[in-house]
Number of protein chains: 4
Amino acid sequence: MTPLCKRWSRRKEARPQEILEAALAQFVQKGFSATRIEDIAREAGVTRGTPYLYFANKEEIFKAVIRELLLPQVTLAAERVADFSGCAAELLRELVQIWWRVMGETSLSALPKLMIAEGSNFPEVMDIYEREFVLPGQQLFRRVLELGIASGEFRQVDIDQTINVLVAPIVMAMLARCGNVPCGQMAADPDAYLNAFIDVTLGGLLARPD
Amino acid sequence: MTPLCKRWSRRKEARPQEILEAALAQFVQKGFSATRIEDIAREAGVTRGTPYLYFANKEEIFKAVIRELLLPQVTLAAERVADFSGCAAELLRELVQIWWRVMGETSLSALPKLMIAEGSNFPEVMDIYEREFVLPGQQLFRRVLELGIASGEFRQVDIDQTINVLVAPIVMAMLARCGNVPCGQMAADPDAYLNAFIDVTLGGLLARPD
Amino acid sequence: MTPLCKRWSRRKEARPQEILEAALAQFVQKGFSATRIEDIAREAGVTRGTPYLYFANKEEIFKAVIRELLLPQVTLAAERVADFSGCAAELLRELVQIWWRVMGETSLSALPKLMIAEGSNFPEVMDIYEREFVLPGQQLFRRVLELGIASGEFRQVDIDQTINVLVAPIVMAMLARCGNVPCGQMAADPDAYLNAFIDVTLGGLLARPD
Amino acid sequence: MTPLCKRWSRRKEARPQEILEAALAQFVQKGFSATRIEDIAREAGVTRGTPYLYFANKEEIFKAVIRELLLPQVTLAAERVADFSGCAAELLRELVQIWWRVMGETSLSALPKLMIAEGSNFPEVMDIYEREFVLPGQQLFRRVLELGIASGEFRQVDIDQTINVLVAPIVMAMLARCGNVPCGQMAADPDAYLNAFIDVTLGGLLARPD
DNA sequence: AATGAATGAGAATTCATTCAT
DNA sequence: TATGAATGAATTCTCATTCAT
């Protein structure tokens, strides 16, 4: 049963996915240009020619990683993130934590690194990224902020800018998870980091009792 | 024979610097691997062979960009950032604003992007970056936090983690300045963004009067 | 389980022939090197692996096309061409017309194109071609010329060279039939072309009455 | 003076021409697809990379061979061919002989072989070939035929078809010169072949005295 | 017998680097 | 100093061929 002496095994259905996962790992580690097709193939356990059975060229592999591996997860994740209730403060806390669980702790955390590093070489992908990841993410925070301000729970703040203030530390945590982003403690204990983040931020948003 | 056009006056001392600046621009735009020596040469107004008169190879150009172009500025910038006084809240505000002026609005803003994108391919550079940029930056915030907590101005917070919470939005703003990092409003009006950041963060740090 | 669709009835004996015909069509269209095995397979209605059940490799397919598909037809054709009678002028006319019918208008017309294009890459095939196609063809014309000269019907001409003068326009017509040989009118109306050819040539061969 | 120990010599002006000539030789010998860039490079005395300094890719080399090496010669040759006078018979004789000298005996003789073998893979080149080589060539013969018929020197013949009858043997001689086109005697003694051709053809065209 | 996924040798192309000028 | 033609190693990509199914 074990393919010990087999030269290869046929995995038509699984292959594309396997190749994309291997490609993701390599792209995150080395960047697009520095990743050789052979690196991807080896990581996927196949040989040089196999990726070309499923993808036209290296660029298409990159696009497929984003479009077929990462963005579909974004949608799934977004649905779960959108599912919460409570007062604005609880919502914010929950939003950050769910986000982290479904985006930060999964392979999705690679997305910001890839786009920062390679986005300018793939403008179309960048557009998709903005449309399907950045904007929806901002919307989630916008909703919470608007809710909190409307209910008087939060102070009046510049919503457009505050959104980004809230997003930044989470994205940084995602970047830190990709390794080799030097923010020592952040990567070491993400939960402590996120708690500190929620603590400070929520403190800054809540309307003073007086 | 006489130097007809002034612009061709040989500035041999200036050449290496010019090449490094050209290289920085290209590396930020395209990444290390995707940047061809000829791209750098053209941007610097010289031809293919010239960079090799001053640098051993492409890798050394990258290292020189970090070591000779960016990190010395970090030191200069750090000195100016360190020069402030007042209460902790004022210090924090001032720290963020000076930082932005000396790092965010200059070519130094390229540093985080380069290290995120290429750091894993240049571990030694990464080390230097951490030692000479990340740690000193964290120290500045640590000092402010410690000061504020000691004086009772700030709440008791987890200093190690809060440092990173404070650094993250500034680094994100630096990334946004490198172009093609999709955080719309942030890049459009950095000052408004930084104000929102200080506003929320300071609110979150200040001890409640009650 | 029962052969639902008749068209899938296995014609194992027919397969090699079908593959060779597909190969011929592709080789004529694209040339040997530019033809992929998959092109041949698709044209034959089979898949990549099937040609290898019948032929060792691509080169053997080429040789088989010549040896097994074309040259046997040459023999058949030559027999029919050899079967004629009458005075030398009639013989010549008949020879040209039968040749055209059995070689020009059939797949045999591909042979000269293949040999011109690929002959130098297949010296052994070239030898066979010369031995089994060129020489026999020349012999036919030699016979007619010798007959006509002997009977006084034709002028004394340099037989060896005149043979080639007679063969050339027929071969050109065969080339023209393979498409993409730019001799407009020739391919458009081969009969008119061959009549003009016989008309001029015969006029040039006949001994003047005076 | 002799570059014995030089790794290479700089020949910016001469290189493209040298590469095209090398390419022509290789394409004629092996065909386009079967010719490797390295074959061309070696024949030109350079290394793999050098052709790419002057041509974008192999296809462009092929096109340049036709457009820049061969067709300009066609123009030169056509001018010399057009320069003749005398009665129609003399004109025809002269036309064939000059054509042979300026096209058959030069590298131009490669043109028909290249177009027969590769034309269908390069339709645009085929069009140029037809426009700049085939049609002008046909015009020359048309002129002679029209002249001869008008003057009563030649019989009434189907001009459109007869043109091709006249062209065919010359083109065959050009093909034979490219080697490996199996028409034994033709290539061995082209002059004898052409004389036989003129002899027969002219005999067939001249109006009978009676 | 036939399939078609997988292989891997080989060809095209790129580009960092050298060095004669 | 600077140039840029030339090199050749490295990489992408193709496709003839194999072989488990």
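For the reader, a short list of remarks on this structure follows.
- Averaging the Cα positions of each part gives two centres, and for the stretch B:66-102 and the stretch C:72-91 these lie 100 Å apart.
- Integer Hz, Karplus 6.51/-1.76/1.60 couplings in order for the stretch A:17-30, x for Gly and Pro: 4, 4, 5, 5, 5, 4, 5, 4, 4, 6, 4, 5, 6, 10
- More than 35 Å apart - percent of Cα-Cα pairs taken over the protein assembly as shown: 65 percent
- Reciprocal of mean inverse Cα separation for the stretch B:59-205 (Kirkwood radius, Å): 15.9 Å
- Cross-link pairs beyond the 29 Å C-alpha cut-off, checked among A:113/B:63; A:63/D:30; A:58/B:113; A:12/C:58; A:12/D:63: A:63/D:30; A:12/D:63
- Inter-part distance where the stretch D:123-141 and the stretch C:19-49 are each reduced to a Cα centre, Å: 30 Å
- Theoretical ellipticity at 222 nm over chain D - DSSP helices of four or more residues, -39500 (n - 2.57) apiece, nearest 500: -19000 deg cm²/dmol
- On the principal axes of its alpha carbon atoms, the stretch C:130-185 extends 41, 27, 14 Å, with the longest extent given first.
- Cα-based Rg / Dmax (Å) for the stretch D:1-55: 11.8, 39
- Ordered by the number of other Cβ atoms lying within 10 Å of each residue's own Cβ, fewest first, D:160, B:83 fall into the sequence B:83, D:160.
- For B:122-128, mean number of other protein chain Cβ atoms within 10 Å: 1
- Rh by Kirkwood over Cα pairs, then Stokes-Einstein D for the stretch B:34-92 at 1.306 mPa s and 10 °C, µm²/s: 113 µm²/s
- Residue D:17 paired with residue D:82, simple spin-label distance in nm, labels 7 Å along Cα-to-beta-carbon: 2.5 nm
- Order of A:151, D:109 - criterion: other Cβ atoms within 10 Å of each residue's Cβ, fewest first: A:151, D:109
- The HN-Hα couplings worked out from phi for the stretch D:89-103 by the Karplus form 6.51 cos²θ - 1.76 cosθ + 1.60 (θ = phi - 60°) are 4, 5, 4, 4, 4, 5, 4, 4, 6, 5, 3, 4, 5, 8, 10 Hz, whole numbers, x standing for Gly and Pro.
- In this label model, residue A:59 and residue D:131 are separated by 3.0 nm, measuring between points 7 Å along each Cα→Cβ vector.
We did not get these values from a lab; they are worked out from the coordinates using the rules stated. This structure is a prediction, so every number in the text was calculated from the model and none was measured. Note that each Cβ is placed from the backbone with ideal geometry, even for glycine, and that neighbours are counted across all protein chains shown.
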